[in-house]
Amino acid sequence: MMKIHTMIAEDEQLAREELIYLLEKEKDVKLLPSAETGEQLIELYKENEPDVIFLDVHMPGIRGVAAAKKIIELAYLKAPLFVFTTAYDEYAVEAFEIEAVDYMLKPYDTDRFQTAMNRIRKRMQQLESKEEQVSNQGGTSSTKLLIDNDDRTIVLSPDAIYYAVPHKRVLEIHTEDNVIHSKMTLQELEKKLQGHAFFRTHRSYLVNLNHIQEITPWFNGASNITLRDKKQTSIPVSRTARKHLFDLFGS
């Protein structure tokens, strides 16, 4: 049974204990340490990488929605799912601006909680299916990309790309023999390459999985990958991304 690694961010003790009680009854949920402030949540996210966060809108310090946006920025492969909690329904629109999976009002209703859990499970199944599809496709699609390169537009096959990295206000797209300098952002290129075997090994690196030769340990849980290009380019893999990378390879 796949475990849903879940974190609670709630400064009110009674509300926090109520959520813990409800979540502990779910057999597929693994509870992670809880946070009582927005700042603490961000630090605990880095350490634990939860699948789901039940997040109070009114957190001390960094408010709930702001903390969620920060976590989305920090996410390497995928951000956690958010279920916002509050005693006031007026904040629902703000929460759903970041595509929260659900929104629960206090005090919690058991049936409403189960609805939220069902939505979480459904969304996680959809994400897992999408990841498997990307991994299986292996970048063999014949779709071509249009990439701006200085004053030209280049037609490029996704499989020709080894990796991409921002450098001096431009995006360097590395192929076997050339480096294309584009004005697009790394996030924009990543969006264009959806459905192909590309992976963010680090906040600044997007790598073609089909061109990885080997993965070697580094330090503090991080790694390096070596590509199959002529230079045997070494690319860093963050500690956070390393686990997801091995999951993609079925290890």
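Can you find a residue in the range 203-216 that is over 15 Å from Gln232 (Cα atoms), part of a strand (DSSP E or B) and within 16 Å of the chain's Cα centre (by Cα)? Before the answer, list the steps.
Step one: list which residues in the range 203-216 are over 15 Å from Gln232 (Cα atoms), which gives 203-206.
Now drop any that are not part of a strand (DSSP E or B), which leaves 205-206.
Filter once more, so that each one left must be within 16 Å of the chain's Cα centre (by Cα): 205-206.
Looking through the range 203-216, at least one residue is over 15 Å from Gln232 (Cα atoms), part of a strand (DSSP E or B) and within 16 Å of the chain's Cα centre (by Cα).
Give me the pairs: first residue in the range 56-78 and among the small types (Gly, Ala, Ser), second residue surrounded by fewer than 17 Cβ atoms within 10 Å (Cβ to Cβ) and not in a helix (DSSP H, G or I), beta-carbon distance under 7 Å, and six or more apart or on different chains, which are they?
Sorted first by the residue in the range 56-78, then by its partner, the pairs are Gly61/Thr37; Gly64/His58; Ala68/Ile98.
In the range 13-29, how many are in contact with a helix residue (DSSP H, G or I) (Cβ under 9 Å, 6 or more places away or on another chain) and either assigned to a strand (DSSP E or B) or without any contact (Cβ under 8 Å) to a residue 60 or more places away in the chain (or both)?
Going through the range 13-29, the residues in contact with a helix residue (DSSP H, G or I) (Cβ under 9 Å, 6 or more places away or on another chain) turn out to be 19, 22-23, 26, 28-29.
Still in the list and also either assigned to a strand (DSSP E or B) or without any contact (Cβ under 8 Å) to a residue 60 or more places away in the chain (or both): 23, 29.
Total meeting the criteria: 2.
Determine whether Gln187 is under 15 Å from Asn210 (Cα atoms) and polar (S, T, N, Q). Give the derivation first.
On the way: under 15 Å from Asn210 (Cα atoms): no; polar (S, T, N, Q): yes.
Spelling it out, it is not the case that Gln187 is under 15 Å from Asn210 (Cα atoms) and polar (S, T, N, Q).
Residues in the range 167-175: is at least one of a type outside the set (Asp, Glu), farther than 30 Å from Asn48 by Cα, in a loop (DSSP other than H, G, I, E, B) and at pLDDT 90 or above?
Within the range 167-175 (the criterion being of a type outside the set (Asp, Glu), farther than 30 Å from Asn48 by Cα, in a loop (DSSP other than H, G, I, E, B) and at pLDDT 90 or above), the answer is yes, since at least one residue qualifies.
Tell me yes or no: at least one residue of the range 125-148 is surrounded by fewer than 16 Cβ atoms within 10 Å (Cβ to Cβ), modelled with pLDDT of 90 or more and not hydroxyl-bearing (Ser, Thr, Tyr).
No, every residue in the range 125-148 fails to be surrounded by fewer than 16 Cβ atoms within 10 Å (Cβ to Cβ), modelled with pLDDT of 90 or more and not hydroxyl-bearing (Ser, Thr, Tyr).
When you scan the range 51-68, how many residues do you find that are in contact with a strand residue (DSSP E or B) (Cβ under 7 Å, 6 or more places away or on another chain), crowded, with 17+ Cβ neighbours inside 10 Å and more than 17 Å from Glu99 (Cα to Cα)?
Going through the range 51-68 one residue at a time, the tally reaches 1.
A quick yes/no check of all residues on (1) surrounded by fewer than 18 Cβ atoms within 10 Å (Cβ to Cβ); (2) basic (Lys, Arg):
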{"position": "Leu189", "(1), (2)": "no, no"}
{"position": "Lys192", "(1), (2)": "yes, yes"}
{"position": "Leu209", "(1), (2)": "no, no"}
{"position": "Ala222", "(1), (2)": "yes, no"}
{"position": "Asp229", "(1), (2)": "yes, no"}
{"position": "Arg239", "(1), (2)": "yes, yes"}
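The values are calculated or read from the model by the stated rules, or taken from the named source; none is laboratory data. The structure displayed is predicted, hence computed values, not measured ones. Virtual Cβ from ideal backbone geometry, glycine too; neighbours counted across all protein chains shown.
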